Number of protein chains: 14
Amino acid sequence: MEAEALKFFIACVTAAGFGIAIAAFGCGIGQGLGLKAAAEGVARNPEASGKITVTMLIGLAMIESLCIYALVVALILIFASPMTATVTGLLTGAGH
Amino acid sequence: MEAEALKFFIACVTAAGFGIAIAAFGCGIGQGLGLKAAAEGVARNPEASGKITVTMLIGLAMIESLCIYALVVALILIFASPMTATVTGLLTGAGH
Amino acid sequence: MEAEALKFFIACVTAAGFGIAIAAFGCGIGQGLGLKAAAEGVARNPEASGKITVTMLIGLAMIESLCIYALVVALILIFASPMTATVTGLLTGAGH
Amino acid sequence: MEAEALKFFIACVTAAGFGIAIAAFGCGIGQGLGLKAAAEGVARNPEASGKITVTMLIGLAMIESLCIYALVVALILIFASPMTATVTGLLTGAGH
Amino acid sequence: MEAEALKFFIACVTAAGFGIAIAAFGCGIGQGLGLKAAAEGVARNPEASGKITVTMLIGLAMIESLCIYALVVALILIFASPMTATVTGLLTGAGH
Amino acid sequence: MEAEALKFFIACVTAAGFGIAIAAFGCGIGQGLGLKAAAEGVARNPEASGKITVTMLIGLAMIESLCIYALVVALILIFASPMTATVTGLLTGAGH
Amino acid sequence: MEAEALKFFIACVTAAGFGIAIAAFGCGIGQGLGLKAAAEGVARNPEASGKITVTMLIGLAMIESLCIYALVVALILIFASPMTATVTGLLTGAGH
Amino acid sequence: MEAEALKFFIACVTAAGFGIAIAAFGCGIGQGLGLKAAAEGVARNPEASGKITVTMLIGLAMIESLCIYALVVALILIFASPMTATVTGLLTGAGH
Amino acid sequence: MEAEALKFFIACVTAAGFGIAIAAFGCGIGQGLGLKAAAEGVARNPEASGKITVTMLIGLAMIESLCIYALVVALILIFASPMTATVTGLLTGAGH
Amino acid sequence: MEAEALKFFIACVTAAGFGIAIAAFGCGIGQGLGLKAAAEGVARNPEASGKITVTMLIGLAMIESLCIYALVVALILIFASPMTATVTGLLTGAGH
Amino acid sequence: MEAEALKFFIACVTAAGFGIAIAAFGCGIGQGLGLKAAAEGVARNPEASGKITVTMLIGLAMIESLCIYALVVALILIFASPMTATVTGLLTGAGH
Amino acid sequence: MEAEALKFFIACVTAAGFGIAIAAFGCGIGQGLGLKAAAEGVARNPEASGKITVTMLIGLAMIESLCIYALVVALILIFASPMTATVTGLLTGAGH
Amino acid sequence: MEAEALKFFIACVTAAGFGIAIAAFGCGIGQGLGLKAAAEGVARNPEASGKITVTMLIGLAMIESLCIYALVVALILIFASPMTATVTGLLTGAGH
Amino acid sequence: MEAEALKFFIACVTAAGFGIAIAAFGCGIGQGLGLKAAAEGVARNPEASGKITVTMLIGLAMIESLCIYALVVALILIFASPMTATVTGLLTGAGH
């Protein structure tokens, strides 16, 4: 039973560690595309830099939210999933 | 029985953690493409920034919804799938 | 028998979690391409923003429908496939 | 026999869940390409928006049909393949 | 014997489900490329929209045919391959 | 012997189902490239639409032929390979 | 011995089915590139359509030949390789 | 028990080491895209270099934050996850 | 001994079938690039079509030669490698 | 116990060696993109070379920091993780 | 001993068959890039076709040489490696 | 014990050999991008070649440093990691 | 012992055959890029063909050297590595 | 013990052979990018060919150095790693 419970923990840390990494990979490239356009825009039209920055920030925040979804799932997997509670209970109980 | 039930939990957390990550990857790039065009557009034509931002927000929301589908499925897998209820019941029952 | 039934559940949650994620990945990029063009178009020709937005929404809805097919299949796999009913029956029956 | 029959069910749900996802991935990108061109076209030439939208809809429908083929195959695999009927018969028969 | 026969069924549904999905992926992108050019063309030259649509439809039909080859093979694998008949015969015969 | 013969059948259906799908993937993209150019050409120069369509059809037919090679091989694998005949003979003979 | 001989047959059909598919994939894209240029060329310069078509046909035939090499190897593997003859001999001999 | 606990540690270091690497990969490319646009912009319009640098820094910080999420998860996995505490307790306890 | 010898035959047909396919894939794309440029060139400058065709043919022949190297190796593996001779000798000898 | 402890060491060196390599891969390409733009900028506008170099250095330092995160994690895994200390203690203790 | 020796032969033919194929893939694309430029050049500047062809031939020969290195290694592996000689000796000796 | 220690050595050399290779791959492409821009810049504006070369060298050195991190980790893994010392000690001690 | 020694030989031929192939793949594409630019350059500016050819040859030689490194390592692995000598000695010695 | 030592040798030759190949792949493409720009530059501005060649050579040397790092590591793995010395000593000692 303990061996299986530890395998569950292994799955949790693997999913958390790689999940947030994969999400950061994609969102990083996405934000890079947005930033690229914004920086080019400011260079071409510095008077509009306020509007451009606001637009960029809205977009970056939307993309950031995608990555935060993955972060939230990762943190739930590490700290607070009901399954983990069940499994930890079994593991502690089995330790007696 | 418990070992198998834990394997089911493992599959749930793996699918949840990687699923939301893969969806965030793709949607992040998609939103980045949209943001890129919007930021370029605001730089080129600052007077139209209101219309551009509205268009961008509609599109970003559509893409966000795709990622939220994956998030919903991930959360169902962690918290509320009927299978999980069945399996937890078996696991708890087996613990007696 | 129970072990096999749980393996079936594992396959269901894996297919559901990854399936919706892969579909969201591709459709997110597809919607991003459409949004990109629409945002550029509004910036270039703000008077046509109504027509552009309508065109974009038609297209985004079509792409959204592709992702919803995958969502429907994922939800069927979790909640309502006839196979699941059969297997749950076997599992519950085996629990007696 | 039951174990093998469940493996068949597993293969069905895996093929259905991933199959529709992969098809949605590709068709989503394809529709995105079409939508991109249509949105650009409407922005450049708003008077032709009717013709452009019709052309786009024909194309999107063709692409949609590809995805629906995959959806049909996925639904056949879940609900109505003759193999499934055979296997379910074996499984039910074995349950007596 | 039955176990092997079910493995054959598993191979059939896997090949059918993934095969049509992979074909739809590629053909969807291909049709998207064609649709993109046609929509751009109609926007640039609305008078030629009839000729462009005809050309597009010929091409889309050719690409559709590729996907239909894969669909036909998938349906043959599910419903009508001579191998399946042989194997089902063996399976039914073994059930007596 | 029967188990091995069924493995041979499995290999046949796998190769047939995936083979035609992979070929359709590549040829679909190839035909899409050709169609794209033809549709652009008709839009730019509608008077030459006859010649363009003829050129396109020649090219599409050449690409179609590549996919048909794969289809022929797939159908041979399912219906008419000498190996299959040999193996079916062994399988039927072993059933006596 | 028979089991091994069938594994050899399995390798033959796998190599044949996937080999022709992979070759068709690449050559399909290659022919698509050539066709694209030819169709564009005819649209730009319809008077030279004869010369362009000839050039295209030479190139397509060269690419076709590459795919036919793979087809020939695939057909040899299915129908006429000396190894197959040897193995079939062993298989038939072992059946006595 | 110890062997399983060490496998958990192995999963932690693997997820931490590869996770931060994958995140750094994607965010590095994303920041490179942003930096590229900023450097081009400064070269084209040196007077706006202040505004461009500010825009770039906001964007780079947003992308940096994505990578830091992954770093935080990696450090939690190595130093401070509650699972690790549980497992270390088991391991130390088992050592007595 | 015979089982091992058949595994050697399996490796030969696998290497031959996939080898020629991979080579055809790459060379097909390479020839497609060359053909694309040649067809564009003839369209732009029909008077030079002779020289362009000669240049194209030299290049296509060079690329063809690469694929033929792979074909030669594949045919050697099927028909004429010294290893095959050795192994066939062992196999026939073992059959006595 | 020792065998498992060595497996933990193996995981550490693998994660460290590949982790820093993957991070260097991505950050190298990212820095290359930035450097490319800066070098082009200096060539186009040599008077602004000071500002361009400063911008480039800020960006390169940000990207460098991403890679250094991975380096830090790699060095922690090799030299200073608390898990390693625990495992080494077990290994040394087991050696008595 | 013979089984192992045959495994060595298997490795040789696999490495030879796939090695030459992978090399042909890459070099084919490389030669295609060169040919593309040369054909475009001849079309643009037919008077320089001699010089262009010479330049192209030098480059194609250099790329050809890369593929020939792989061919040489493949032929050495099939016909003339000292290891093969050793292993064949062992194999023949073991046959006595 | 020795077998496990050698597996640790195997992991070290694998991580070192592939790690430096992967890092060199990415950094090579990154430096190539930078070099490309610098060479173009010198050709366009030879008077600024000094400044361009300095900028290029700064950037190449930054990218070089990324690869050197990986080299340092690789050399540590081969020559000087504390784990290696521990394991070698065990191995030598076990040899007595 | 002999079986293991043959596995070492297998690793050598695999690494040699695939190593040179992978290196030829990359260097072939790299040389193709260089050749492409050189051929375009000669077409645009035939008077400078001498200088262009010299530059191209220097670059091609540098790329060739990279591939030759891999060739040298491959030949060392086949003909002259000290490990091979050791292993052959063991193999021959074990044959007595 | 000998079997394990040979596995270590196998890992060394695999890492050496593939490592140098992967590094050559990436650096070859990187050098190709640099060479491409230099050749284009010489064609556009033959008077600056000296400066361009110098710049190119500096860059190519930097990229070459990356590949040489991998070569050095590969040669260390084959000829001179302290681990190899240890393992060879064990192997020779075990032969007594």
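The values are calculated or read from the model by the stated rules, or taken from the named source; none is laboratory data. Treat the numbers as computed from the prediction; the structure is a model and nothing was measured. Quick reminder, even Gly has a Cβ in these numbers, built from the backbone with ideal geometry, and neighbours come from all protein chains shown. Heads up: the accessible areas ignore ligands, DNA and RNA and are worked out on the full protein's heavy atoms, side chains in. Shrake-Rupley method; radii C 1.70, N 1.55, O 1.52, S 1.80 Å.
Looking only at residues in region E:22-64 that are touching a Cys at 6+ places or on another chain (Cβ under 9 Å) and among the aliphatic types (A, V, I, L, M), the one that is nearest to D:Gly32 (Cα to Cα) is E:Ile29. Every listed requirement among (1) more than 14 Å from the chain's Cα centre (by Cα); (2) surrounded by 23 or more Cβ atoms within 10 Å (Cβ to Cβ) is met by J:Phe25 save one, (1).
Only one entry in K:Leu66, K:Leu90 is in contact (Cβ under 8 Å) with a residue 24 or more places away in the chain and over 25 Å from the mean Cα position of the chain (by Cα), namely K:Leu90. Considering only residues that are facing chain M (nearest Cβ under 8 Å) and either buried (at least 18 other Cβ atoms within 10 Å of the Cβ) or in contact with a Pro (Cβ under 7 Å, 6 or more places away or on another chain) (or both), which ones fall in region N:40-49? Within region N:40-49, N:Glu40, N:Val42, N:Ala43, N:Pro46, N:Ser49 meet the criteria.
Of everything in region G:81-95 that's facing chain I (nearest Cβ under 8 Å) and open to solvent by 30 Å² or more (accessible area, probe 1.4 Å), which residue is modelled with the lowest pLDDT?
So, considering only residues that are facing chain I (nearest Cβ under 8 Å) and open to solvent by 30 Å² or more (accessible area, probe 1.4 Å), the one modelled with the lowest pLDDT is G:Gly93.
Within region I:50-80, restricting attention to residues that are more than 8 Å from chain K (Cβ to nearest Cβ) and open to solvent by less than 20 Å² (accessible area, probe 1.4 Å), which residue is modelled with the highest pLDDT? Step by step, filter region I:50-80, then rank; the result is I:Glu64.
If the condition is being without any contact (Cβ under 8 Å) to a residue 24 or more places away in the chain and either under 19 Å from the mean Cα position of the chain (by Cα) or facing chain N (nearest Cβ under 7 Å) (or both), then region M:28-39 contributes M:Gly28, M:Ile29, M:Gly32, M:Leu33, M:Lys36, M:Ala37, M:Ala38. The single condition from (1) at the interface with chain B (Cβ under 7 Å from one of its Cβ atoms); (2) touching a Leu at 6+ places or on another chain (Cβ under 7 Å); (3) open to solvent by less than 10 Å² (accessible area, probe 1.4 Å); (4) more than 30 Å from H:Ala39 (Cα to Cα) that A:Val13 fails is (1).
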